[in-house]
Amino acid sequence: MPTQYHTLVFGNGECARSLAMGLSGRGLKVAMAVAAPVADKLEPPAGHGDTITSWAGTHLIACQGQPGDFQLTVEQDGRRMVQRAGSIVVAEQPQQIPNFAVYGLSSSGRVLSISQAEAILLDGKAASTSGGAIHILFLNDWNEHCHPVTAARMLRLCKTVQQLPNRHTVYMAGHLKVSVEGMEACCQAAKAAGTMFFKFDRQRPQVQMLPDGRVQASCWDDTTRITFTMTFDYVVVDEKITPNSTLDHLSRVLRLDRDLHGFVQSDNVQRLSNATNRRGIFAAGGARAVMSPEEQLSDAAHAALKVSEFLAGLDKGELPRVEIDTARCARCLTCYRLCPHGAIEMLPRMTVMPQACQSCGLCMAGCPNRAIQVHDDQLTSALQQMMTEEAPRPMNGPFIPRLVAFCCRRSALPARDMAVSAGHRLPDGLVVVEGLCGGRFSVTHMLSALEAGADGVLVLTCHPGNCHSECGPTNASRRVDTAAQALALADIGAERLHFGTLAANMGAEFARTVEQFAQRIASLGPVMSEQTMRRS
Amino acid sequence: MNLPERQVVIVGAGVAGLAAADEIARWGVAVTMLEEAPRTGGHASRYSCKALGECVACGACLADERRRRVADRENVTILAGVRISTIENKVGFNIHYEHRNSQEPPGGLKADALLLTTGFQPYDPSDKPYGYRRFPNVLTLLDAEDRLQREGVLTCPSDGRPPERIAFIQCVGSRDSRIGHPWCSKICCGAALRMARLVQYRRPETVVTFFYIDVQTFGKNFQKYYDQTRRQVRMVRAIPGDIVQSEGQRLQLAYFDPDASRATEEPFDLVILSAGIAPNTDNPSLADMLGVRLNAAGFFHPHESDEGRKRSGLFTAGAALGPMSIAESIDSAGKAAWDIMNYLKSNGLSKF
């Protein structure tokens with residue numbers, strides 16, 4: 001059955017629509033799905049009726065298949081259907097939660113969130129309790145940090161309101177977040193128009209709602225060193241921008257990593273800009289981070305480019321094949337659990353989905369039955385070569401330890417290259433064995449390096465939180481621990497193993513790590529001393 | 001004169017230019033990059049990894065990765081150490097350039113689309129009363145990054161020893177109307193605090209004081225990172241008045257202490273100035289050649305803000321538009337790459 005849609009976009013906001021239109025402009029068939037029930041029939045964006053289909057009130061039940069041909073079971077009006085899509089984009093709009101409680105207030109006709117205030121304060125209906133000037137207090141970025149995108153809305157509204165006749169505004173903030181373009185100028189303009197700004201570090205103002213609905217603020221001013229009390233007709237509080245509530249469910253069904261706030265993309269720079277942990281599934285706009293409306297539209301363009309690249313097969317180079325030996329496989333599901341890319345399915349045999357697999361090898365290194373093979377010749381041949389080669393051990397000269405450094409190809413390996421090109425001298429007996437991810441090196445690899453004649457083994461990966469496979473460094477460090485325990489039991493010494501983390505641009509640190517380790521091993525001497533060798 | 005035909009020319013091989021080249025070249029489009037400096041990477045590649053055992057999402061590795069990727073692409077030509085002499089903006093662009101430090105003859109290129117990723121110019125704080133260029137131990141943040149990258153550790157230029165007490169001064173040449181820079185440079189709070197934390201991580205006894213006006217948000221994990229930072233770095237909300245150098249290269253820093261409400265002085269071994277992000281000094285002449293206007297600060301306008309320019313094949317990305325982090329520059333380049341590919345397609349110049 002052919003794929004029905006090139007792309008399925010979750011969301012119906014500006015970002016999702018702009019993304020869908022961009023893809024449709026390239027002649028791709030796009031479906032837009034909105035999880036929330038919508039009263040009216042959802043119209044595709046004007047002029048795109050031929051290539052964009054919209055479904056309202058859809059509920060995603062399951063997602064099977066693989067990148068290029070996902071099969072999505074969707075429920076709509078109580079009916080289940082299977083839709084096929086080559087790629088998926090999660091672009092649900094974020095939600096705004098008013099921070100009333102953060103300032104000890106509750107919502108009322110006079111205590112407004114920034115969204116409410118934008119609608120009320122500009123239409124001329126705002127009223128003073130005394131009949132005179134209207135006093136408005138803005139509370140921003142204390143008790144809880146406020147995102148600059150929201151702070152920009154607060155500052156813009158404050159300036160605009162202050163410039164209206166008969167309005168007096170006071171802006172109380174922990175920090176003035178002015179990193180959005182034009183905001184420093186906006187503050188200056190508000191100040192010039194008469195807004196009073198107060199900032200607080202340790203002693204924060206006391207705000208309380210009065211019986212007549214007004215709000216009183218008592219503050220200690222750091223600069224003037226006096227306490228003063230002011231009463232306001234309106235209070236405007238900031239909002240927290242949170243992920244769309246449908247992302248809980250969507251990310252579970254699509255098996256997507258999320259950041260600590262719940263946005264669909266782990267807080268890992270390797271996922272930037274629009275990638276998720278799964279190939280062919282992307283995140284865009286307010287579904288992946290807090291963004292201004294302009295940034296969301298710009299992100300829609302970038303995401304459209306990434307989707308196009310994927311559909312054209314330009315996103316993935318040649319990668320080694322990963323295979324599960326079904327005869328050995330005990331179906332313990334370890335690989336399913338370990339795979340960060342959602343690339344292993346039970347069909348009903350454990351199967352690596354070739355389009356989804358990123359060949360990181362985490363499954364191989366973790367398989368308790370050694371049923372998984374990564375057809376990565378470099379690693380095996382490097383180890384074999386070591387076994388056959390004579391150790392560079394001069395008979396009467398000083399001991400030159402043979403070191404094997406298992407290096408992640410994306411971090412430690414470029415760091416090595418950088419060290420070499422910067423003129424650092426690396427130890428003579430160093431053999432570098434590369435793998436696509438540090439988490440791909442198994443306990444067996446480490447022990448067989450020692451068996452092949454190495455005096456010390458290093459495993460060097462990227463820093464936790466920076467891994468293309470998310471948990472490469474954590475898994476690698478755990479395997480080094482296990483191998484070290486085995487060495488300790490065999491009386492070879494756990495200190496012959498070392499685990500370290502490096503970024504690709506840490507050439508000097510690579511050289512230092514390797515040199516220190518070489519010195520340590522040199523002082524330990526060979527694994528087998530000449531006497532033991534002679535005896536055996 | 002017959003010029004070699006190139007589909008896309010990118011002016012500036014910093015992180016934004018490299019990221020855009022990487023995206024565009026993927027589609028088989030020939031790209032030529034013109035870079036004034038002898039090597040690619042721009043300011044972004046001067047930043048070191050700031051991981052504290054764990055990644056802190058500074059983005060330095062991303063810039064480096066873009067540089068490596070572009071170096072591997074056969075359809076990207078990099079001309080480094082060149083300066084643009086003229087651009088004729090007709091149907092497409094005729095670009096003439098000369099080599100800065102060699103006797104090679106000037107060259108020319110024809111482009112269907114032109115992308116400006118000219119980045120920024122760090123503000124020169126010599127006029128500020130902080131002794132920059134007079135006292136060896138007063139550095140800008142980028143100077144400090146250069147030292148860190150070269151030596152692997154941050155030391156005092158005067159004697160090569162690690163500093164016991166470091167002061168960071170924020171907003172030097174930012175949020176400053178008096179010098180005509182009334183904008184926040186956006187990236188300095190994150191860059192300086194990450195540097196402060198790295199120095200302390202490697203040498204925990206280092207005492208760090210951070211002078212600031214307001215701390216700007218950086219990263220998804222800001223609240224957690226900032227809460228930890230406040231426990232380790234002394235945060236002082238003040239802009240120091242001046243610095244004098246006492247005996248033994250010690251720097252005496254005068255400021256108004258907000259806690260004690262009085263003026264005070266304190267000695268430091270090393271002072272790091274967060275010099276603001278100013279527009280590239282070449283912007284006016286480039287804008288003039290291309291017939292476009294700059295914004296009040298001197299940065300370029302986004303290309304879609306003027307439909308006429310979009311049709312003409314001129315695009316802009318990265319810090320040429322205003323202060324941007326490494327990750328934001330890559331985002332911005334991605335958007336420009338999408339717009340360029342659509343432009344080439346709609347003019348029948350490329351399959352997309």
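Of the residues A:Q95, A:Q83, only one is under 29 Å from the mean Cα position of the chain (by Cα), polar (S, T, N, Q) and open to solvent by less than 40 Å² (accessible area, probe 1.4 Å); which?
That would be A:Q83, the only listed residue that is under 29 Å from the mean Cα position of the chain (by Cα), polar (S, T, N, Q) and open to solvent by less than 40 Å² (accessible area, probe 1.4 Å).
Which of the following residues is more than 14 Å from chain A (Cβ to nearest Cβ) and at pLDDT 95 or above: B:S102, B:S126?
Criteria check complete, one pass: B:S126.
When you scan the range A:229-311 for strands (runs of 3 or more DSSP E) that lie fully inside it, which ones turn up with 1 or more residues that are out of contact with any helix residue (DSSP H, G or I) (no Cβ under 8 Å at 6 or more places or on another chain) and open to solvent by 10 Å² or more (accessible area, probe 1.4 Å)?
In the range A:229-311, A:239-242 are the strands (runs of 3 or more DSSP E) which contain 1 or more residues that are out of contact with any helix residue (DSSP H, G or I) (no Cβ under 8 Å at 6 or more places or on another chain) and open to solvent by 10 Å² or more (accessible area, probe 1.4 Å).
Please go through the range B:201-224 and give me each residue that is at pLDDT below 95 and polar (S, T, N, Q), ordered by number.
Hits for the range B:201-224 are B:T217, B:N221, B:Q223.
Okay, residues lined up against (1) within 36 Å of the chain's Cα centre (by Cα); (2) surrounded by fewer than 16 Cβ atoms within 10 Å (Cβ to Cβ):
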| site | (1), (2) |
| --- | --- |
| A:R156 | yes, no |
| A:Q162 | no, no |
| A:V170 | no, no |
| A:C187 | yes, no |
| A:M196 | no, yes |
| A:K199 | yes, no |
| A:M209 | no, no |
| A:V215 | no, no |
| A:W220 | no, no |
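Just one of the numbered conditions (1) within 14 Å of another protein chain (Cβ to nearest Cβ); (2) open to solvent by less than 60 Å² (accessible area, probe 1.4 Å); (3) under 30 Å from A:L305 (Cα atoms) is not true of A:E181; which one?
Looking at each condition in turn, A:E181 falls short on (2).
Between a residue in the range A:187-212 that is within 13 Å of chain B (Cβ to nearest Cβ) and any residue that is in a strand (DSSP E or B) and surrounded by 14 or more Cβ atoms within 10 Å (Cβ to Cβ), which pairs come within a Cβ distance under 6 Å, given they are 6 or more apart or on different chains?
Matching pairs, first to second residue: A:F197/A:Y171; A:F198/A:M172; A:K199/A:A173; A:Q203/A:W220.
With open to solvent by less than 10 Å² (accessible area, probe 1.4 Å), away from chain B (no Cβ under 14 Å) and basic (K, R) as the only criterion, which of A:R520, A:R440 stands out?
A:R440
Does any residue of the range B:283-303 turn out to be closer than 17 Å to A:E294 by Cα and open to solvent by 10 Å² or more (accessible area, probe 1.4 Å)?
yes
Whether any residue in the range A:304-312 is more than 7 Å from every other protein chain (Cβ to nearest Cβ), in contact with a Cys (Cβ under 9 Å, 6 or more places away or on another chain) and not aliphatic (A, V, I, L, M) is what I want to check.
Looking for residues that are more than 7 Å from every other protein chain (Cβ to nearest Cβ), in contact with a Cys (Cβ under 9 Å, 6 or more places away or on another chain) and not aliphatic (A, V, I, L, M), one finds none in the range A:304-312, hence no.
From B:D269, B:D242, which residue is charged (D, E, K, R), open to solvent by less than 30 Å² (accessible area, probe 1.4 Å), assigned by TED's automatic domain parsing to the domain that holds B:L139 and farther than 22 Å from B:S85 by Cα?
Result: B:D269 is the single residue among B:D269, B:D242 that is charged (D, E, K, R), open to solvent by less than 30 Å² (accessible area, probe 1.4 Å), assigned by TED's automatic domain parsing to the domain that holds B:L139 and farther than 22 Å from B:S85 by Cα.
Just name the residue that is farthest from A:G22 (Cα to Cα) out of those in the range B:311-342 that are more than 9 Å from every other protein chain (Cβ to nearest Cβ), surrounded by 23 or more Cβ atoms within 10 Å (Cβ to Cβ) and hydroxyl-bearing (S, T, Y).
Among them, the one singled out is B:S329.
Inside the range A:455-508, can you point out the residues that are in a loop (DSSP other than H, G, I, E, B), within 12 Å of another protein chain (Cβ to nearest Cβ) and either more than 26 Å from the chain's Cα centre (by Cα) or within 16 Å of A:L403 (Cα to Cα) (or both)?
none
Considering only the range A:461-510, state which residues are β-branched (V, I, T) and closer than 18 Å to A:I521 by Cα.
Those that are β-branched (V, I, T) and closer than 18 Å to A:I521 by Cα: A:V480, A:I492.
Is there a residue in the range B:252-260 that is touching a Phe, Trp or Tyr at 6+ places or on another chain (Cβ under 7 Å), at pLDDT 95 or above and of a type in the set (G, A, S)?
Looking through the range B:252-260, none of the residues is touching a Phe, Trp or Tyr at 6+ places or on another chain (Cβ under 7 Å), at pLDDT 95 or above and of a type in the set (G, A, S).
For the range A:36-51, indicate whether the set of residues that are touching a Cys at 6+ places or on another chain (Cβ under 6 Å) and under 27 Å from A:H261 (Cα atoms) is non-empty.
no
On the basis of being open to solvent by 10 Å² or more (accessible area, probe 1.4 Å), part of a strand (DSSP E or B) and not basic (K, R), does A:E75 make the cut?
So A:E75 fits the description; yes.
Are any residues in the range A:101-133 of a type in the set (V, I, T) and surrounded by 20 or more Cβ atoms within 10 Å (Cβ to Cβ), and if so, which ones?
A:V111, A:I114 - these are the residues of the range A:101-133 that are of a type in the set (V, I, T) and surrounded by 20 or more Cβ atoms within 10 Å (Cβ to Cβ).
Do we have B:S174 as within 21 Å of B:F120 (Cβ to Cβ), of a type in the set (S, T, N, Q), assigned to a loop (DSSP other than H, G, I, E, B) and touching a residue at least 24 places away in the same chain (Cβ under 8 Å) here?
Yes, satisfied.
Can you list the helices (runs of 4 or more DSSP H) found entirely within the range B:272-352 that contain at least 1 residues being under 23 Å from the mean Cα position of the chain (by Cα) and outside the structural domain of B:D176 (by TED's automatic domain parsing)?
B:283-290, B:326-346
Against the condition over 13 Å from B:V271 (Cβ atoms) and open to solvent by less than 20 Å² (accessible area, probe 1.4 Å), how does B:G131 come out, does it pass?
So B:G131 does not fit the description; no.
How many residues are in contact with a Lys or Arg (Cβ under 6 Å, 6 or more places away or on another chain) and within 30 Å of B:A196 (Cα to Cα) if we restrict to the range B:53-103?
2
Any chance you could count how many residues in the range A:334-356 are open to solvent by less than 20 Å² (accessible area, probe 1.4 Å) and within 11 Å of A:V322 (Cβ to Cβ)?
Looking only at that region, the number is 5.
Return the pairs, sorted by first residue and then second, in which the second residue is among the aromatic types (F, W, Y) and part of a loop (DSSP other than H, G, I, E, B), the first residue lies in the range A:257-273 and is facing another protein chain (nearest Cβ under 7 Å) and in contact (Cβ under 8 Å) with a residue 40 or more places away in the chain, the beta carbons are less than 9 Å apart, and the residues are 6+ apart or on different chains.
none
Residue by residue through the range B:177-199, note down the ones that are at pLDDT 95 or above and more than 18 Å from the chain's Cα centre (by Cα).
B:A196, B:R197, B:L198, B:V199
Among the residues that make up the range B:180-192, is at least one of them within 25 Å of B:D259 (Cα to Cα) and more than 13 Å from chain A (Cβ to nearest Cβ)?
Yes: the range B:180-192 contains one or more residues that are within 25 Å of B:D259 (Cα to Cα) and more than 13 Å from chain A (Cβ to nearest Cβ).
The values are calculated or read from the model by the stated rules, or taken from the named source; none is laboratory data. Owing to the predicted nature of the structure, the values given are computational and were not obtained by experimental measurement. Methodologically, a virtual Cβ is constructed for each residue, glycine included, from the backbone with ideal geometry; neighbour enumeration extends over all protein chains shown. Just so you know, the surface numbers come from the protein's heavy atoms only, side chains and all, with ligands and any DNA or RNA stripped out. Shrake-Rupley method; radii C 1.70, N 1.55, O 1.52, S 1.80 Å.
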